[in-house]
Amino acid sequence: MIMGILANAVEVIGGLITGVMNGFTNIFLTSPLKATLKYLEETELKTLKGDKRILKAKSLWEGSGAVIMAEAAELSSLKPQLDELGVPLYAVVKEDVGTEVQNFRPYFKGEIFLDEKRRFYGPRERKMGLMAFLRVGVWMNGLRAFQRGFMGNVLGEGFVLGGVFVIGRGNQGILLEHREVEFGDKVNIEDVIRAVRRISQELLPLEMK
């Protein structure tokens, strides 16, 4: 009984400390600015395998919609479900430094593109900075990534926060936009699937060009 009380006390104190530290670091974190379909669709993306070519981001979702990840390998587990729904999964990286992309490939089951202008990280680019090391969640997410063998980026702009987009076909617009609040901040998987299912429905355009 005593051990149970102590365990609960430690959990409560840990939660309070985490909340205080997160609140403190949030003060220094730039608020995200929502992207628009028009902003994203003209993004130039570069392929990273085979013959290098440049394409407009719009081509990724125009016919079928798409789930696009900016620095979030966790969604690879959804690929079988996305394949059943006919919606492709893509990853966008902000730079191709050393063997970073090569090391990332085993953890991602879709095509990877380079977004040199970082438009999928904008319109207002956000960086966590050294304050990230004061957040318990960052340490926990980093530990999980390390245990899986993924080291991430330690050479380039590793402090830039990414996100996840579910974009409908044609002019359906951005059906889901998740922005990281810290490194490794995961999007709700159920929200992603729910947004993807909307692509096949007859929707009014959510956002006109």
Would you mind stating whether Leu114 is open to solvent by 10 Å² or more (accessible area, probe 1.4 Å), under 16 Å from the mean Cα position of the chain (by Cα) and at pLDDT 90 or above?
yes
Those residues of segment 69-84 which are at pLDDT 85 or above and in contact with a Gly (Cβ under 9 Å, 6 or more places away or on another chain) amount to Met69, Lys79, Leu82
Scanning segment 155-209 residue by residue, the ones that are open to solvent by 70 Å² or more (accessible area, probe 1.4 Å) and modelled with pLDDT of 90 or more total 5
Cβ-Cβ below 8 Å, separation at least six or inter-chain, first residue in segment 76-105 and in contact (Cβ under 8 Å) with a residue 40 or more places away in the chain, second of a type in the set (S, T, N, Q): which pairs?
Leu85/Ser200; Gly86/Ser64; Gly86/Ser200; Val87/Ser64; Glu95/Asn153; Val97/Asn153; Glu100/Asn153
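Could you please find all residues in segment 44-58 being of a type outside the set (A, V, I, L, M) and within 13 Å of Ile174 (Cβ to Cβ)?
Of the residues in segment 44-58, the ones of a type outside the set (A, V, I, L, M) are 44, 46-47, 49-53, 56, 58.
Listed by number, the list holds a single entry, Lys58.
The values are calculated or read from the model by the stated rules, or taken from the named source; none is laboratory data. This one's a predicted model, so the numbers in the text were calculated from it and none came from an experiment. With ideal geometry, Cβ positions are generated from the backbone for all residues, glycine too; neighbour counts draw on all protein chains shown. Ligands, DNA and RNA are excluded from the accessible area calculation, which covers all protein heavy atoms including side chains. Shrake-Rupley method; radii C 1.70, N 1.55, O 1.52, S 1.80 Å.
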